[in-house]
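Everything on this sheet refers to the single structure shown next.
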2 protein chains.
Amino acid sequence: MPFHCSHFRTRRLWYIAVNIDEFRDAGYRTVDLIASYLEGLDDAPVQTRAMPGSVRAQLPTKAPEQPESWDEILSDVERIVMPAIANWQSPGWFAYFPASSAPPAVLGEFLSAGFAQQGMLWATSPACTEIEIHVMDWLADLCALPAKFRSDGTGGGVIQDSASSGSLVALVAARERVRRVTPGLPLEKTVAYVSSQTHSSLVKGARVAGYGMIREVAVDENFAMDADALAQAIRMDSDAGLVPAFVCVTLGTTSSGAFDPLSAVGAIAKSEGIWCHVDAAWAGAVGICHEYRELFEGLEYADSYLWNPHKWLMTNFDCTAFWIGDRQELIDTLSIVPEYLRNAQTDNAAVIDYRDWQIPLGRRFRALKLWFTLRSFGAEPLRQHLREHISLAAELEKRIRGDNRLLLSAPHSLALVCFAHRDGDIATQRLVDNLNATNRVFLGTTRLDGTLVIRVAIGSPWPVAERVDELWNLISELA
Amino acid sequence: MPFHCSHFRTRRLWYIAVNIDEFRDAGYRTVDLIASYLEGLDDAPVQTRAMPGSVRAQLPTKAPEQPESWDEILSDVERIVMPAIANWQSPGWFAYFPASSAPPAVLGEFLSAGFAQQGMLWATSPACTEIEIHVMDWLADLCALPAKFRSDGTGGGVIQDSASSGSLVALVAARERVRRVTPGLPLEKTVAYVSSQTHSSLVKGARVAGYGMIREVAVDENFAMDADALAQAIRMDSDAGLVPAFVCVTLGTTSSGAFDPLSAVGAIAKSEGIWCHVDAAWAGAVGICHEYRELFEGLEYADSYLWNPHKWLMTNFDCTAFWIGDRQELIDTLSIVPEYLRNAQTDNAAVIDYRDWQIPLGRRFRALKLWFTLRSFGAEPLRQHLREHISLAAELEKRIRGDNRLLLSAPHSLALVCFAHRDGDIATQRLVDNLNATNRVFLGTTRLDGTLVIRVAIGSPWPVAERVDELWNLISELA
């Protein structure tokens with residue numbers, strides 16, 4: 001029986017019960033389908049071999065006029081969708097950064113959809129707002145963040161949909177800060193500073209926010225931002241009548257996992273009154289491990305800080321943890337209160353309305369999945385999970401160093417290893433193509449100092465040790 | 001047993017099976033919890049009575065160090081979360097616009113989380129990209145949209161996370177269009193046109209995009225934008241050396257459901273080279289009903305068009321259907337291709353990479369829930385669903401007209417009815433407070449022409465006829 005058919009034949013209340021039974025049955029079968037997908041992940045090819053257009057070719061050209069059964073739908077999922085998805089969660093997936101997702105978060109997302117809350121205001125879903133405030137405080141504590149980032153400080157945490165959106169929010173707030181200082185300042189005069197290794201979303205965000213200039217600061221031999229070069233660029237721009245407004249410090253760059261010198265850059269930003277945004281999208285997860293805290297030294301300089309539990313902390317996308325040092329700066333920038341959104345709690349300033357902390361008005365109950373992840377695993381097992389990946393990366397680095405056909409492209413950073421073939425780009429490309437052709441592993445490439453390099457990012461939520469061994473054997477054989 | 005404990009004790013593969021069984025069990029219980037929540041919706045109070053801070057007061061101050069069981073977690077959901085959520089799906093929820101969610105979409109969201117795809121590029125999830133292209137074409141056909149909005153035309157459809165984000169994308173593309181025409185144009189000179197009834201997200205978006213000016217055009221007696229006033233404003237601004245860049249036409253305003261004159265405004269926009277954005281966030285759903293097509297006449301003038309299946313079409317948030325007339329304008333504005341995102345299919349321009357159609361880089365497999373909704377219900381039952389709500393609104397309007405204690409504030413628009421107490425704002429406020437105090441219904445207010453009015457937005461996915469009757473009885477009794 002399709003859902004809800006009866007809905008259109010009767011308005012009597014018992015129809016709900018009828019349909020709830022159908023929901024229950026369809027729900028169990030969906031659980032089974034996901035379970036069998038996850039069960040098969042370890043043996044499945046890592047990448048799909050779908051060709052452009054191959055999925056669409058199997059779909060009818062028009063939407064159905066009449067209901068289809070859950071049977072038909074799930075069977076199309078198995079027949080059409082599943083062969084054409086990329087197995088991001090496979091232990092053999094070493095490309096990009098992980099977008100790891102584990103069962104507790106998957107069920108959190110499910111429950112969030114079931115409750116169908118709109119968390120734009122405290123009043124439109126108190127639970128959605130308060131669980132989010134609370135879990136973001138938990139995470140701030142786990143990472144030992146400066147007190148200003150807690151909700152009982154001057155700032156607080158919020159879940160953004162992506163690092164791109166979080167960075168855009170920071171860019172806009174930074175822009176408004178300099179415009180408050182210099183009323184009438186033309187946007188064309190504002191400058192945002194990044195490095196050549198900063199994530200592309202920062203350049204995109206600065207473009208969206210209408211910055212006049214995006215200045216790419218030079219990096220040192222480890223691909224970290226050169227703080228002296230930054231100071232010099234700021235001086236030259238100021239002398240030329242431009243207004244430095246924003247600098248992005250990356251902790252764990254996308255290409256090689258480099259760490260920009262946060263304390264040095266932060267001190268410069270502070271003395272110049274520039275907004276200091278810290279993007280630790282991938283690496284931020286290890287802030288929960290005490291032994292890596294020094295990587296995050298200088299966070300007291302940050303006006304905004306973000307990292308993605310949806311990358312390495314097994315909380316499915318979208319879940320970007322974003323903290324602001326001074327929430328009033330954010331609210332002043334993003335708050336617009338039309339009549340139809342007014343309510344007693346907001347008017348009394350008794351609550352946080354997360355609508356004013358982000359670009360969109362609407363928001364899902366994303367805190368559930370983060371809450372479930374932290375509780376189901378517990379902080380200590382999560383630390384062990386990260387540590388295991390880091391030690392596997394160290395082991396892989398050692399093996400690469402010991403093989404004279406290969407060159408390590410940068411020191412391994414946490415669970416990211418970059419290497420190249422000694423014979424140059426063509427040999428490196430051939431090696432990665434051959435590795436990916438096995439479909440037991442999937443690796444990406446980037447360029448460092450103009451040289452093509454292979455990236456190995458370890459981060460699957462499932463056990464990966466054996467697959468990293470296998471990866472090494474494949475490299476060894478195919479190099 | 002908590003999830004994954006074994007993961008940290010062994011790397012052996014059998015652990016996956018162990019945990020999958022736990023996932024299956026936890027999944028079934030989550031299905032049961034959602035089912036019992038939905039089953040109870042009809043009898044449950046519509047609004048939570050949670051007080052600020054009441055949820056947080058029940059939570060431990062620190063994240064747990066060790067795993068907690070699914071039992072503990074679900075029992076906290078029942079004990080702490082459920083009493084503090086707002087029952088947006090209740091048949092008695094008439095506030096805001098609906099954020100309707102039905103079982104097929106809930107299961108689509110669940111499956112999307114289970115597959116954990118990253119749809120930023122075609123290559124990172126062919127199924128995610130192609131199902132989305134296809135379902136957006138289905139929806140374009142169901143709404144009889146101009147051919148340019150189809151993927152085989154010059155444009156195409158994409159799912160954005162919200163109307164706010166979709167409008168921002170349009171605002172930025174419009175801004176870049178005038179800057180291409182006039183290189184070096186200062187942003188301070190750009191003007192975006194809205195009306196006093198346009199949704200607040202447009203003002204927020206124009207602010208984020210750095211527009212120099214947001215011009216509020218006057219509305220007529222039906223709260224629709226006055227096209228002559230728009231033409232005059234454009235003329236005056238151009239004469240003053242400003243550059244008109246963007247106009248938003250709202251079909252179904254938030255306060256009263258008014259329809260701006262699309263054909264007239266569109267023609268002006270076209271002759272002036274201004275980007276015409278059409279926001280039908282709520283009302284757009286009825287485009288699937290043939291008898292309402294005339295409300296959308298003039299869409300051939302639109303450069304971008306959006307509406308939210310997550311409002312009235314039972315597809316849980318987030319799901320904003322956004323169409324662009326010329327996809328190249330979007331891509332030119334938003335595309336940035338760093339080395340680590342390059343791939344053969346993108347380089348060959350053989351595919352759509354939705355990353356270039358939105359602000360964030362990452363994206364979930366949102367098309368699944370829209371696909372499931374369209375297939376599970378079928379187009380004709382979906383039309384009947386909307387028609388039923390509209391006829392209930394018409395009936396309610398008739399009753400209000402027939403009661404001399406009440407004043408209809410505007411003709412009912414589709415399933416939205418606005419009315420006030422004849423005795424003025426204080427009496428209206430008292431009436432809505434008393435209605436909401438019953439907790440059998442939940443209504444919001446807005447202001448029209450300075451007068452406080454009560455909004456009744458019918459749109460629950462569950463049968464609402466009896467509750468609308470009950471609402472009328474309560475109004476009658478409490479007025």
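Return the chain B residue and its Cβ-to-axis distance, rounded to the nearest Å, for the rotation relating B to A.
B:210, 1
Farthest toward the dipole's positive end in the protein assembly as shown, which of B:406, B:104, B:473, given Cβ charges of +1 (Lys, Arg) and -1 (Asp, Glu) about the Cα centre?
Of the options given, the answer is B:406.
Grab the beta carbon distance between residue B:401 and residue B:478, set R0 = 22 Å, and tell me the FRET efficiency rounded to 0.05.
Efficiency, rounded to the nearest 0.05: 0.75.
List the relative contact order of chain B as a percent without decimals, with contacts defined as Cα pairs under 8 Å and 6+ residues apart. The partial results should precede the final answer.
Details: 845 pairs, mean separation 97.4, N = 479.
Once normalised by length, the contact order is 20 percent.
Kindly point out which whole DSSP H helices in chain A project their C-alpha atoms 30 angstrom or further along the helix axis while averaging a Kyte-Doolittle hydropathy of -1.0 or above. Intermediate values should be presented prior to the final figure.
Values: long enough: A:14-40 (40 Å, 0.02); A:379-401 (33 Å, -0.81).
Flagged H segments are A:14-40, A:379-401.
Okay, helix-only estimate at 222 nm for chain B: each DSSP H run of n ≥ 4 adds -39500 (n - 2.57), divide by all residues, round to 500 deg cm²/dmol; what do you get? Could you put the intermediate results ahead of the total?
On the way: 15 runs with 194 residues, N = 479.
The per-residue figure over chain B is -13000 deg cm²/dmol.
May I ask what percent, to the nearest 5, of DSSP beta bridges between residues of the protein assembly as shown are antiparallel?
Numbers: 48 of 84 bridges.
So the antiparallel bridges in the protein assembly as shown amount to around 55 percent.
What's the center-to-center distance, using Cα atoms, between the stretch A:165-183 and the stretch A:26-105 in Å?
Each part reduced to its Cα centre gives a spacing of 41 Å.
Dipole of the stretch B:338-465, Cα-centred, from +1 at each Lys and Arg C-beta and -1 at each Asp and Glu C-beta, to the nearest 20 debye? Please list the in-between numbers first.
Numbers: 18 positive and 13 negative charges, 61 e Å.
Approximately 300 debye in magnitude.
Once the dipole of the stretch B:421-460 is set up with Lys and Arg at +1 and Asp and Glu at -1 on Cβ about the Cα centre, which of B:432, B:456, B:421 lies farthest towards its positive end?
It is B:456, whose Cα lies furthest towards the positive end.
I need the calculated FRET efficiency for the pair residue B:297 and residue A:270, taking r as the beta carbon distance and R₀ as 35 Å, to the nearest 0.05. Working shown, then result.
Details: r = 57 Å, r/R0 = 1.62.
Once the sixth-power term is evaluated, E becomes 0.05.
How far is residue A:71 from the same spot in each other copy, in nm, shortest first, if each label point sits 7 Å from Cα toward Cβ?
Copy-to-copy label distances for residue A:71: 3.8 nm.
Once you order the gyration tensor axes a ≥ b ≥ c over the Cα atoms, which shape class does the stretch B:52-100 get: rounded for a/c under 1.5, otherwise prolate or oblate by comparing a/b with b/c?
prolate
For chain A, what is the percent of antiparallel DSSP beta bridges, rounded to the nearest 5?
Details: 24 of 42 bridges.
So the antiparallel bridges in chain A amount to around 55 percent.
Which whole number of Å³ per residue matches the convex hull of the alpha-carbon atoms in the protein assembly as shown? All intermediate terms of the calculation are to be shown ahead of the outcome.
Values: hull volume 139.0 nm³, N = 958.
Dividing the Cα hull volume of the protein assembly as shown by its residue count gives 145 Å³.
Over the stretch B:109-377, what is the mean sequence separation of C-alpha contacts under 8 Å (at least six apart), divided by residue count, expressed as relative contact order in percent?
On the way: 511 pairs, mean separation 73.9, N = 269.
Relative contact order, the stretch B:109-377: 27 percent.
Say each of residue A:152 and residue B:181 gets a label point 7 Å from the Cα, pointing the same way as Cα to Cβ; how far apart are those two points in nm?
5.6 nm
Within 10 Å of each Cβ of B:378-386, how many other protein chain Cβ atoms are there on average? Don't skip to the end; give the middle numbers.
Working: counts 10, 6, 5, 10, 5, 2, 3, 3, 0.
For peptide B:378-386, the averaged partner shielding equals 5.
Give the residue from A:312, A:83, A:144 lying farthest towards the positive end of the charge dipole for chain A; charges sit on Cβ (+1 for Lys and Arg, -1 for Asp and Glu) and the dipole is referred to the Cα centre.
Toward the positive end, the furthest listed residue is A:83.
Taking the square root of 5 times each eigenvalue of the Cα gyration tensor, what semi-axes in Å does the equivalent ellipsoid of the stretch B:169-265 have, largest first?
On the way: eigenvalues 108, 44, 21 Å².
Values for the stretch B:169-265, descending: 23, 15, 10 Å.
Quote the charge dipole size of the stretch B:109-377 about the Cα centre in Debye, to the nearest 20; the model charges only the Cβ of Lys and Arg (+1) and of Asp and Glu (-1).
Working: 22 positive and 32 negative charges, 135 e Å.
My answer is approximately 640 debye.
At what distance in angstrom do the alpha carbon centres of the stretch A:286-344 and the stretch A:212-239 lie from each other?
25 Å
Measuring from label point to label point, each 7 Å out along Cα→Cβ, what is the residue A:78 to residue A:54 span in nm?
Each label point lies 7 Å from its Cα, and together they span 2.0 nm.
Placing unit charges on C-beta atoms (Lys and Arg positive, Asp and Glu negative, everything else neutral), compute the dipole magnitude of the stretch A:258-358 about its Cα centre in debye, rounded to 20. Kindly include the intermediate steps, with their values, before the conclusion.
On the way: 6 positive and 16 negative charges, 50 e Å.
About 240 debye.
Hey, what's the Cα Rg ratio for the stretch B:379-478 versus the globular rule of thumb, 2.2 N^0.38 Å?
Details: Rg = 13.3 Å, N = 100, 2.2 N^0.38 = 12.7 Å.
With N residues counted in the stretch B:379-478, Rg over 2.2 N^0.38 Å equals 1.05.
Straight-line reach from residue B:189: which lysines fall under 24 Å, measuring Cα to Cα and dropping same-chain residues less than 8 apart?
Of all the lysines, those that pass the test against residue B:189 - Cα under 24 Å, at least 8 places apart if same chain - are A:189, A:204, B:204, B:270.
Could you tell me which of rounded, prolate or oblate describes the stretch B:109-377, using a ≥ b ≥ c as the square roots of the eigenvalues of the alpha-carbon gyration tensor, with rounded for a/c under 1.5 and, failing that, prolate when a/b is larger than b/c and oblate otherwise? Display every interim value, and only then the final one.
Values: a/c = 2.04, a/b = 1.32, b/c = 1.55.
In terms of gyration-tensor shape, oblate.
What are the label-to-label distances in nm, one decimal and shortest first, from residue B:44 to the same spot in the other copies, with labels 7 Å along Cα to Cβ?
Result for residue B:44, in nm, nearest copy first: 3.3.
Quick one: label points 7 angstrom along Cα→Cβ at residue A:424, distances to the other copies in nm, smallest first?
8.8
All of the numbers you see were taken from the coordinates with simple rules; none came from a lab. Everything quoted here is computed from the prediction, not taken from an experiment. Cβ sites come from the backbone with ideal geometry, for glycine too, and all protein chains shown count toward neighbours.
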